[in-house]
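Everything below concerns the one structure shown next.
Please treat every number below as a calculation from the coordinates, not as lab data. Predicted model, so just to flag it, every value in this text is computed and none were measured. Reconstructed Cβ throughout: ideal geometry from the backbone, glycine too, with neighbour counts over all protein chains shown.
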């Protein structure tokens with residue numbers, strides 16, 4: 001048989017499959033109406049097991065492939081029924097209110113911005129990137145930044161949330177949930193680190209090196225190469241470390257920070273580019289008290305937990321797949337006090353302007369053990 005003839009027959013089969021699929025989804029809609037009248041849930045696990053068992057029994061050598069096909073069909077059916085039956089949830093109400101109140105808002109260029117650390121730190125650089133005319137208020141801790149925003153003292157706050165070499169800043173994920181704030185923007189900065197000291201100091205003379213714990217982690221290979229006996233000490237911020245060195249009476253201490261930060265405090269560079277990777281990026285998020293969704297928002301961040309059972313995470317991932325949503329981050333974090341229980345951090349390429357996405361978020365809120373919508377925003 002010629003390839004052209006095989007392709008013609010492929011087209012015929014595809015037409016039949018499409019017609020059958022549309023008919024199946026139409027029937028799913030009818031089922032949704034009956035479920036709505038009876039108040040029964042969309043998910044009927046017993047019925048789905050019966051369908052998949054019958055499919056596997058009739059598939060012969062194609063069992064693996066047919067099981068995947070029908071698992072996807074069932075997920076699509078549930079997604080469609082969820083959309084038709086979507087009962088209001090806290091998340092959908094929150095999103096609806098945000099869209100109604102701020103539909104015409106554009107992201108501001110100024111405001112009072114809470115920033116952890118001191119002048120010269122990477123957080124300050126991120127603030128300037130996000131708010132070219134912002135009025136910065138420097139605070140000592142990440143928690144102080146969140147408190148300033150949640151109390152209304154500052155309009156926005158800027159904090160680091162993850163680094164390409166050293167992972168997520170777990171404290172920030174914890175705070176954004178506890179302090180009832182939302183992500184409204186993010187920025188990605190390329191971070192280079194230098195070993196900075198007073199003029200004339202040599203590496204072999206060093207006794208202490210200071211920096212933020214994330215920067216220390218990003219430069220772990222270099223720190224391991226230092227002479228024995230050099231203490232590595234964490235600070236609240238890279239700029240604080242540089243200021244400590246500048247103001248200290250000791251001449252055998254150094255800091256890890258940016259070149260610009262060293263210049264700001266009149267210090268010298270002992271060694272350039274000491275980060276483990278040249279591809280070293282840090283994401284900073286801009287937080288606000290309300291979940292404002294500005295034009296161009298195309299990234300959604302979530303934190304959730306699911307039941308500790310086989311397939312629980314797969315079911316969540318299937319909801320993303322059913323809508324063709326690209327997952328750009330998935331990270332697990334142990335739940336404190338629980339044996340082998342995990343929270344999951346998700347970043348999705350999606351917008352709440354899509355009703356199907358809002359329906360999916362509502363379904364996640366209903367079916368997950370815990371669920372937190374962190375925001376829908378643009379990354380610059």
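Counting 0.36 nm for each residue step from residue 3 to residue 15 and taking away their Cα separation leaves a gain of 2.5 nm.
Relative to the longest principal axis of the Cα atoms of the chain, helix 90-102 runs at roughly 70 degrees. Compared with the alpha-carbon gap, the fully stretched path from residue 281 to residue 330 is longer by 15.9 nm at 0.36 nm per residue.
Going by a ≥ b ≥ c, the root eigenvalues of the Cα gyration tensor, does region 3-85 fall in the rounded group (a/c under 1.5), the prolate group (a/b larger than b/c) or the oblate group? Verdict is oblate for region 3-85. Translational diffusion coefficient, Stokes-Einstein: compute it for the chain using the Kirkwood radius over C-alpha pairs as Rh, at 4 °C and 1.567 mPa s, and state it as an integer in µm² s⁻¹. The estimated diffusion coefficient comes to 54 µm²/s. Distances between every pair of Cα atoms in region 194-271, grouped in 10 Å steps from 0 to the bin holding the largest one, split as 22, 61, 17, 0 percent. Region 196-235 gives an Rg/Rh value of 0.94, both radii derived from C-alpha positions and Rh following Kirkwood. Evaluated over the Cα positions of region 139-259, the convex hull gives a direction-averaged projected area, one quarter of its surface, of 8.5 nm². Peptides 161-172, 210-221 ranked from most to least packed by the mean count of surrounding Cβ atoms within 10 Å: 210-221, 161-172.
With contributions of -39500 (n - 2.57) from each DSSP H run of at least four residues, the per-residue ellipticity at 222 nm computed over the chain stands at -13500 deg cm²/dmol. Taking the fewest neighbouring Cβ atoms within 10 Å as the starting point, the ordered list for 301, 123, 268 is 268, 301, 123.
Figure legend: label point modelled 7 angstrom from the Cα of residue 109 along Cα→Cβ; residues of region 118-155 with amide N under 15 Å from it are 128-135. Remark: 185, 272 ranked as 272, 185, counting other beta-carbon atoms within 10 Å and listing the fewest first. Exposure proxy for 34, 285: other Cβ atoms within 10 Å of each Cβ, ordered fewest to most, give 34, 285.
Working from label points 7 Å from Cα in the Cα-to-Cβ sense, the residue 22 to residue 246 distance is 6.9 nm. Of all the options 365, 30, 75, the one that moves most in a Gaussian network model of the chain with Cα springs shorter than 10 angstrom is 30.
Of all the Cα-Cα pairs you can form in region 296-380, what percent are over 19 Å apart? Value for region 296-380 (Cα pairs over 19 Å): 34 percent.
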